[in-house]
Amino acid sequence: MSDVDLLTVGEALVSLRSPGPLATGGALTMHLAGAECNVAIGLARLGHRAAWAGRVSGDELGEFVLRQLRAEGVGTDGARRDPDRPAGLMFLERRTADVTRVRYNRAGSAGSALSVDDLHGPLASGARVLHLTGITPALSDSAREAVTWAVREAAGAGTFVSLDVNYRARLWSREAARATLTPLAGYASVVVASAEELDLVAEPDADEATAAAALLRRGVRTVLVKLGADGARAYTDDGVTHVAAVPVTAVDTVGAGDAFTAGYLSGHLDGLDLADRLRRAVALGAFAVAAHGDWEGLPRRDELSLITGSAAGTTLR
């Protein structure tokens, strides 16, 4: 039996957050960010054995990343220190009460230099689930080759592969994303996307149902469509399942999609049926948007009922 429930691969970022406009200056607080890290932390907080693999800078910022992951119970044996490249940076400014603006400084970062050689060891751990996103292959040619190799190797070994499209327009065009992600999706057990991202793993301009049907024909077991405040839909060979969102007061939407994915994969690892996997997914998404930070508000297992049960809206004393 594998010692790892979930292995995720990608770029860990140092996030610098400002409570107001960056242009006016002011205090910045330092946090860990990165879609794959968010998912790993979400799983670890629920008691699963999660590990992250990738490159970090060889300086204090790289050490910060690894310390944060380890503090959250995420394994970092698959991390490599790169002494020649800087940490990727992510700047967030709360521009208005309802709008957060994000800027990246990640060109030439340690994370973008990910290579196939970096993943031989981590993949040999035999994790039950391999989780990847469409962000990593957009970072560089070597990162794209690494992700492609990892997906093929894992799928060939019978590993459950999770692919979150997670399209970033500042990293690549939709055409470039489609050229890479459409073939990758064919190796995935579950594909996660927003309604606007689905055509990036199917034919251009395909509607939701058509894109989902095409993915199922290619062997994907489940197609998850994130609908934000409207919940989520899952397409399988048995039909379509919809689950409503958990109503909460949203204060920060960054990381909500990653939390959703973490909840779904936790349900998969726990052997829940599809509807209950979706309920856990939307519950974690609600936890994420109800707190500031990418992952800071994610629950421990004994806290899952706080947002969906009788405790919601109360003060616990």
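The values are calculated or read from the model by the stated rules, or taken from the named source; none is laboratory data. It should be emphasised that the depicted structure is a prediction, and the values quoted were computed from it without experimental measurement. Glycine also receives a Cβ, built like all others from the backbone with ideal geometry; neighbour counts cover every protein chain displayed.
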Problem - The lone exception for Ala202 - which of (1) surrounded by fewer than 21 Cβ atoms within 10 Å (Cβ to Cβ); (2) modelled with pLDDT under 95; (3) over 21 Å from Trp52 (Cβ atoms) it fails - result: (1)
Exercise for the section: Would you confirm whether any residue within segment 58-71 is surrounded by 20 or more Cβ atoms within 10 Å (Cβ to Cβ) and either among the polar types (S, T, N, Q) or over 21 Å from Leu16 (Cα atoms) (or both)? Expected result: yes
Exercise for the section: Might you check whether a residue that is more than 19 Å from Gly263 (Cβ to Cβ), among the aliphatic types (A, V, I, L, M), at pLDDT 95 or above and out of contact with any Cys (no Cβ under 9 Å at 6 or more places or on another chain) occurs anywhere in segment 55-64? Expected result: yes
